[in-house]
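**Q** Next up is a structure, given as structure tokens.
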Amino acid sequence: MKLFERFSSDMGLHVMEVPASARAALRTDHVVGSGPDALRVLQLQGGIGFAGAERVIRETVNTSYPETRIALDLTRVHSIDDVARRMLLEIARRLTLDGHDVYLVDPESIMPDPDPGDGGRVTVVDSLDEAGGPARSG
């Protein structure tokens, strides 16, 4: 019983605290640029908890990205809980181990301690431009 109470507490899965139906955590999955300079952008949005991070994992884990560089864009994320943070960092770790350069676009420092550990690495930047995306026209 204690184990299930701990899971419920740690993962925000209490039966009476069902989050309101919201837009998907993964807003867009697109590529900017082309050729060796192409950057795959996974733009996240909203408040991300366990369920949202799980959806992002489901979208990315079985996908083989041809681009060398991948950005997890948190510009539209307003909050992230600890379990979701760990899950997203695991995505970054796996992408790194698969040979990708991973960027975390986090201008508001939403993701505390962005270290994926165990051979993973992520470069934290304030904008897609810093990740090497094409210049935006104003």
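**Q** Restricting attention to region 64-121, which residues are charged (D, E, K, R) and in a helix (DSSP H, G or I)?
**A** The answer is ASP82, ARG85, ARG86, GLU90, ARG93, ARG94.
**Q** Scan region 38-55 and give yes if some residue there is of a type in the set (Val, Ile, Thr) and without any contact (Cβ under 8 Å) to a residue 40 or more places away in the chain, otherwise no.
**A** Start the filter on region 38-55 by keeping residues that are of a type in the set (Val, Ile, Thr), which leaves 41, 48.
Restricting the remaining residues to those that are without any contact (Cβ under 8 Å) to a residue 40 or more places away in the chain gives none.
No - not one qualifying residue is present in region 38-55.
**Q** Another one. Taking region 64-123, which residues are under 19 Å from GLU54 (Cα atoms) and aromatic (Phe, Trp, Tyr)?
**A** Scanning region 64-123 gives a single hit, TYR65.
**Q** Would you confirm whether or not region 123-137 contains a residue that is touching a helix residue (DSSP H, G or I) at 6+ places or on another chain (Cβ under 9 Å) and either free of Cβ contacts under 8 Å to residues at least 12 places away in the same chain or among the aliphatic types (A, V, I, L, M) (or both)?
**A** Looking for residues that are touching a helix residue (DSSP H, G or I) at 6+ places or on another chain (Cβ under 9 Å) and either free of Cβ contacts under 8 Å to residues at least 12 places away in the same chain or among the aliphatic types (A, V, I, L, M) (or both), one finds none in region 123-137, hence no.
**Q** Can you name every residue in region 113-128 that is surrounded by 17 or more Cβ atoms within 10 Å (Cβ to Cβ) and over 12 Å from LEU72 (Cα atoms)?
**A** Of everything in region 113-128, those that are surrounded by 17 or more Cβ atoms within 10 Å (Cβ to Cβ) and over 12 Å from LEU72 (Cα atoms) turn out to be PRO116, GLY120.
**Q** Taking region 71-92 on its own, how many of its residues are small (Gly, Ala, Ser) and in contact (Cβ under 8 Å) with a residue 40 or more places away in the chain? Explain how you work it out, then say what you get.
**A** Looking only at region 71-92, we keep the residues that are small (Gly, Ala, Ser), and these are 71, 79, 84, 92.
This time we only want the ones that are in contact (Cβ under 8 Å) with a residue 40 or more places away in the chain, so: 71.
Count: 1.
We did not get these values from a lab; they are worked out from the coordinates using the rules stated. Every value quoted in this text rests on a predicted model; they were computed, and no experiment measured them. FYI the Cβ positions are ideal-geometry reconstructions off the backbone, even for glycines, and counts take in every protein chain you see.
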